[in-house]
Amino acid sequence: MFTLQIYNFFFNCQSFYFVFRPTFRNFTPTFTMRYKIIDNLSDYAPTDQLLCRLPSWRREQAQKFRHEQGQRECALSYLLLSEMTGFRPVFGTAEHGKPFMLPGTTDGQDTPGAGERFFNISHCKAAIGCILDSDEVGIDVECTGRYKERLAQYCMSDDELQQIKEAADPDALFTMLWTQKEALLKLTGEGITDDMKTCLSSARAKGVRIDSGVNREKGYAWSVAYREKNSNQEVNDI
């Protein structure tokens, strides 16, 4: 059976924390994949106070954004990651911009929870998401309202274009499919590629699972991409 636990905490504001634990009688749980999406961004402290809570290197990254909204999203995404891991991580950036966790913490301590060293974060004006796992993962959140036929023809397969055309809400479906592709390419670390049209079908054949959703009230879509684990793999909980 599958158990779903929902926690509501993060600076005492409402959010959703999904912990997936597939459990089978007489078997060890196969994996733990955790992700969290917050969409009440205006409820948190003022941006200058959020920046003060960051380590200096992350604060410098946040301040590179020209507008306050970008700085706010950058700050909240790091604080969300810290809240999920239980420590203030240090991370670098790979060739195509994918972040990876480095040994040690901002506070100079050894990195706890080494089994969940893989993570990914994403943010937009409407929401911020973070995912943790013991293997490569990807997450993407995007505001709706980005559908353009020319863009769809560039990145969607013929089947996906037909689905969008027939959808009751073409923009919502387009944005959700876009986040699926982004989350997948963030998992692989490839970034935007020429293979965007076919990447979803090829990924599913390789055992990559993608979960998605659309929040029409708040105006965003989200997707998480992760590898389905074999039953003999251990659970690494933080």
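Summary of values
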{"read-out": "Tyr220 long-range amide H proximity, modeled H, under 5 Å", "value": "Thr144, Asn215"}
{"read-out": "Inter-part distance where the range 40-78 and the range 142-220 are each reduced to a Cα centre, Å", "value": "28 Å"}
{"read-out": "Accessible area per residue, Å², the range 171-227 with all protein chains present, probe 1.4 Å", "value": "42 Å²"}
{"read-out": "Local net charge near His67, Cβ-Cβ under 13 Å (Lys/Arg +1, Asp/Glu -1)", "value": "+2"}
{"read-out": "Most to least packed among 32-41, 130-139 [average Cβ atoms within 10 Å]", "value": "130-139, 32-41"}
{"read-out": "Long-range HN-HN contacts of Phe118 with modeled amide H, under 5 Å", "value": "Asp133, Asp135"}
{"read-out": "Radius, Kirkwood style, for the range 164-217 when every pair of distinct Cα atoms is counted (Å)", "value": "12.0 Å"}
{"read-out": "The range 149-233: GluC sites (Glu not before Pro) in DSSP coil with no more than 10 other Cβ atoms inside 10 Å", "value": "Glu217"}
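The values are calculated or read from the model by the stated rules, or taken from the named source; none is laboratory data. Note that the structure is predicted; figures quoted are calculated from it, not measured. No Cβ is skipped: glycine too gets one built from the backbone with ideal geometry, and neighbour counts run over all protein chains shown. Just so you know, the surface numbers come from the protein's heavy atoms only, side chains and all, with ligands and any DNA or RNA stripped out. Shrake-Rupley method; radii C 1.70, N 1.55, O 1.52, S 1.80 Å.
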